[in-house]
Amino acid sequence: MGDDNYSLSSRVFRILRENILSGKYAPDEELKEKTIGEELGVSRTPVREALMQLELEGLVKNIPNKGAVVVGVSEQDVEDIYEIRIRTEGLAARLCAEKITDEELEELEQCMALQEYYLKKQDSAKEMGELDGEFHRIIFAASKSRPLQNVLTSFHNYIRRARAVSVCVTGRAEESVSEHRAILEAITKHDGELAEKLTAEHIKNARDNIATTVHTSCEP
């Protein structure tokens, strides 16, 4: 029973975190255990445990006489995460260039080809955002550093909405794809130093691009 309850709370946690990070739950919105439990078809216990975990991650906070409310990800959080990404994703790209397998390189090339394909299509912001995340995910995995992979994957989850905004801004998608292509070429040549440099520049450009547009959206 204990394992089942843990599994349920983990599932509820993932759903609630996704809803917060995607913007479905707005900042300061109250999260009621009973309502969430009814929506997800679970008891209040796994919901309560999931909310406790979300509080540890700083995504919700408990307010006396009110309960759990959404904190979300602030602009300062995004700025801090980008600063850390600049310093760490370059390292991941360097390790990737040194350790990537032929199979992983083929996977990265396929992802790159899809980005270039969707770049030519209109109304492809959703696909572009997903492929952008996939491109970085492959690099993290190919770095063969589990701690680095875990940290960077978490950061990407937290700023997913801001990254989507960045891709949507006029001209940024084209720039991002071009930057990805240059990074891929450096990785293909196993040039770790160049891959690190280009990746750091790529993250800086993405950060600068969302600095004044974090509240905009591609959606109609």
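Of note:
- Residue match in region 79-93 (condition: over 15 Å from T153 (Cβ atoms), open to solvent by less than 50 Å² (accessible area, probe 1.4 Å) and free of Cβ contacts under 8 Å to residues at least 40 places away in the same chain): no
- Of the numbered criteria (1) over 30 Å from E193 (Cα atoms); (2) in contact (Cβ under 8 Å) with a residue 40 or more places away in the chain; (3) buried (at least 21 other Cβ atoms within 10 Å of the Cβ), the one V69 fails is (3).
- Pairing residues of region 21-41 that are under 16 Å from S9 (Cβ atoms) with residues that are of a type in the set (S, T, N, Q) and assigned to a loop (DSSP other than H, G, I, E, B), at Cβ distances under 9 Å and at least 6 apart in sequence or on separate chains, gives G37/S43.
- Residue that is surrounded by the fewest Cβ atoms within 10 Å (Cβ to Cβ), among those in region 177-220 that are among the acidic types (D, E) and modelled with pLDDT of 95 or more: E193
Results for (1) open to solvent by 70 Å² or more (accessible area, probe 1.4 Å); (2) out of contact with any Lys or Arg (no Cβ under 8 Å at 6 or more places or on another chain); (3) farther than 28 Å from R146 by Cβ; (4) modelled with pLDDT under 95, shown as yes or no for each residue.
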{"position": "L95", "(1), (2), (3), (4)": "no, no, no, no"}
{"position": "K99", "(1), (2), (3), (4)": "yes, no, no, no"}
{"position": "E103", "(1), (2), (3), (4)": "yes, yes, no, no"}
{"position": "S124", "(1), (2), (3), (4)": "no, yes, yes, yes"}
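- Restricting attention to region 11-44, the residues that are open to solvent by 30 Å² or more (accessible area, probe 1.4 Å), in a helix (DSSP H, G or I) and farther than 13 Å from N157 by Cβ total 9.
Residue-by-condition table, conditions (1) within 30 Å of N205 (Cβ to Cβ); (2) over 24 Å from the mean Cα position of the chain (by Cα); (3) at pLDDT 90 or above:
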| position | (1), (2), (3) |
| --- | --- |
| R48 | no, yes, yes |
| L59 | yes, no, no |
| N65 | no, yes, no |
| E106 | yes, no, yes |
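The values are calculated or read from the model by the stated rules, or taken from the named source; none is laboratory data. Only a predicted model underlies this, so the values are computations on that prediction, with no experimental measurement involved. All Cβ positions, even for glycine, are placed from backbone atoms using ideal geometry, and neighbour counts span all protein chains on display. For accessibility, only protein heavy atoms count, side chains too; no ligands or nucleic acids. Shrake-Rupley method; radii C 1.70, N 1.55, O 1.52, S 1.80 Å.
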